[in-house]
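The structure under discussion appears below in the form of structure tokens.
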Amino acid sequence: MAGRIPLVLLACGSFNPITHQHMRLFELARDHMHQTGLYRVVGGIVSPVGDNYGKQGLVVSKHRLAMARLALQSSDWVSVDDWESQQEDWTETVVTMRYHYDRMAAQYHNSKDPPTASDVPQLKLLCGADFMDTFKIPGLWRDDHVEEVVGRFGLVCVSRGSLQPDRAIHESDLLSRHRQHIFLVREWVHNEISATEVRRALRRGQSVKYLLPDSVIDYIREHNLYTQDSEMKNKDVKIRPLTMQTIQD
């Protein structure tokens, strides 16, 4: 793959808990980007959201980080990063992307051999098709942040079930303007694993074997996570992005 553009894939989200579906996104996206003939994927990053995100049922980040690390023990190219989850307040996706890109650039510039522009990997946001619909939620995204995430960095979006990310692009003037920076990945082997449904099964005492890695299931049992009580956390609370936008407006 000599001469190809090095690329790092970044996935931000709750990972509450991380599932096989989350991990499959990375493998599907890497295959697709390699098949373009333009890119060489050199790394992947899982970045769990901070506790102040305010989503209902969100367990504390130390557990979500630990589960993600257990799940990805066998991966030789995807790692878990705790920077976003350790910030005092919820961090916008674009801020997390800036942090990771700047860190990568600094690592290359501090290397022994002077880097060229093509040495520093590109960074793209990896997401599922349902993520595209979040751009349409009033007050959730600032236009300038969408512009930077899509226009400066780019998206790699993996299809999920009946969701149609290409429709979300078609219906948004902003996304359509940056269509060349959005890579749509088709998942032919349908995988409908949902973290929401996993949590529902867990709090009802039902089996989640083969939906999560065994190591993650063992961790959940050991720490008694995802109970009826934990699902009530943040109930009726607005997620932080919406309250932050209200303050800024």
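Taking the conditions exactly as written (open to solvent by 60 Å² or more (accessible area, probe 1.4 Å) and modelled with pLDDT of 95 or more), does Arg64 satisfy them or not?
no
With respect to the numbered conditions (1) farther than 30 Å from Leu242 by Cα; (2) open to solvent by less than 40 Å² (accessible area, probe 1.4 Å); (3) assigned to a helix (DSSP H, G or I), which one is the sole condition not fulfilled by Ala106?
The one condition Ala106 does not meet is (2).
Mind listing whichever residues of region 219-246 are of a type in the set (A, V, I, L, M, F, W, C) and more than 17 Å from Leu202 (Cβ to Cβ)?
Listed by number, the residues that qualify are Val237, Ile239, Leu242, Met244.
Are there any pairs, at least 6 apart or on different chains, whose C-beta atoms fall under 7 Å, with the first in region 84-102 and closer than 16 Å to Glu147 by Cα and the second of a type in the set (Phe, Trp, Tyr) and assigned to a helix (DSSP H, G or I), and if so, which?
Listed by first residue and then by second, the contacts come to Met97/Phe153.
Being charged (D, E, K, R) and touching a Phe, Trp or Tyr at 6+ places or on another chain (Cβ under 8 Å) is the filter; apply it to region 179-218 and report the residue that is surrounded by the most Cβ atoms within 10 Å (Cβ to Cβ).
Arg199
Does Gly54 satisfy the condition of being in contact with a Pro (Cβ under 9 Å, 6 or more places away or on another chain) and open to solvent by less than 20 Å² (accessible area, probe 1.4 Å)?
Yes, satisfied.
Give the residues of region 163-177 that are within 20 Å of Asp144 (Cβ to Cβ) and not in a helix (DSSP H, G or I), sorted by residue number.
Glu171, Ser172
Name the helices (runs of 4 or more DSSP H) wholly inside region 183-234 in which the number of residues that are under 18 Å from the mean Cα position of the chain (by Cα) is 1 or more.
Qualifying helices (runs of 4 or more DSSP H): 195-203.
Inspect region 14-26 for any residue being surrounded by fewer than 23 Cβ atoms within 10 Å (Cβ to Cβ), part of a strand (DSSP E or B) and out of contact with any Ser or Thr (no Cβ under 7 Å at 6 or more places or on another chain) and give the result as yes or no.
No; the residues of region 14-26 include none that is surrounded by fewer than 23 Cβ atoms within 10 Å (Cβ to Cβ), part of a strand (DSSP E or B) and out of contact with any Ser or Thr (no Cβ under 7 Å at 6 or more places or on another chain).
Restrict the check to region 29-36 and report whether at least one residue is under 26 Å from His145 (Cβ atoms), of a type in the set (A, V, I, L, M, F, W, C) and part of a helix (DSSP H, G or I).
Yes, some residue in region 29-36 is under 26 Å from His145 (Cβ atoms), of a type in the set (A, V, I, L, M, F, W, C) and part of a helix (DSSP H, G or I).
The values are calculated or read from the model by the stated rules, or taken from the named source; none is laboratory data. As the structure is a computational prediction, the values presented were derived from the model and not from experiment. When we count neighbours, we look across all protein chains shown, and the Cβ atoms used for this are built from the backbone with ideal geometry, even at glycine. Accessible surface areas use protein heavy atoms only, side chains included; no ligands, DNA or RNA. Shrake-Rupley method; radii C 1.70, N 1.55, O 1.52, S 1.80 Å.
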